[in-house]
Amino acid sequence: MALPALSVADIVPILTSTVIECHRAGLRNSAFSFAAMLMRPEYRNKIDAKYKKKIEGMVRRPYTTETEETTTPCPFCQFLLPECELLCPGCKNNIPYCIATVSFSVTLPAT
C-alpha cells in the first residue's frame, strides 16, 4: 500500500515544527538543514509569519555545531553506542535498560 503524497500545505507545518524542535533540543546542524529546506521558493511564502524571521535568521547565520550524543559501552560486547540505543549493532543483542532513567547503565556480571 502506497502512502499518499504530501502537499505543500502539509509539508511546511511539518518542517517548521521540525526546525523548532531541533533547535530546542540543541541539534543546531539539523535545524539549519531543515530551515534551509523551508527557504526554498516553493515553501518560503507558506511559512507562518511568527516563525519566518527566526527561520530566516537560522539560515543566514548558521550555528552548525551540534551536541554529540553521549556513548556508553554495550554490556555484552563493550561496543560504544549512543546512550539511548536499545539494540547493539556490534553483537545484535537487545540491551536491558532501566525504566526509570531509560538508560542501560546496568552492567552484566563477568562469567
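Throughout, read-outs are computed from the coordinates displayed, never taken from laboratory work. What you see is a predicted model, and the numbers here were worked out from it, not measured in a lab. Cβ atoms come from the backbone with ideal geometry, glycine included; neighbour counts cover every protein chain shown.
Applying both filters, DSSP loop and at most 13 other Cβ atoms within 10 Å, to the chymotrypsin sites (Phe, Trp or Tyr not before Pro) of the range 28-74 gives 63.
If a/c stays under 1.5 just call it rounded; otherwise compare a/b with b/c (prolate if a/b is bigger, oblate if not). Do that for the range 20-103, with a ≥ b ≥ c from the square roots of the Cα gyration tensor eigenvalues. In terms of gyration-tensor shape, prolate. Count Lys and Arg as plus one, Asp and Glu as minus one, and take only other residues whose Cβ is under 13 Å from that of residue 80; the net charge is then -4. Amide H contacts of residue 81 (H built 1.01 Å from N, in plane; Pro and chain starts excluded): 72, 74 sit under 5 Å, all sequence-distant by 5 or more or on other chains. Sparsely packed loop sites in the range 1-51 (the trypsin sites (Lys or Arg not before Pro) outside DSSP H, G, I, E and B with at most 15 other Cβ atoms within 10 Å) comprise 46. Volume of the convex hull of the range 23-70 (Cα atoms only), normalised per residue: 65 Å³. If you take all other residues with their beta carbon under 13 Å from the beta carbon of residue 14, and give Lys and Arg +1 and Asp and Glu -1, the sum is -2.
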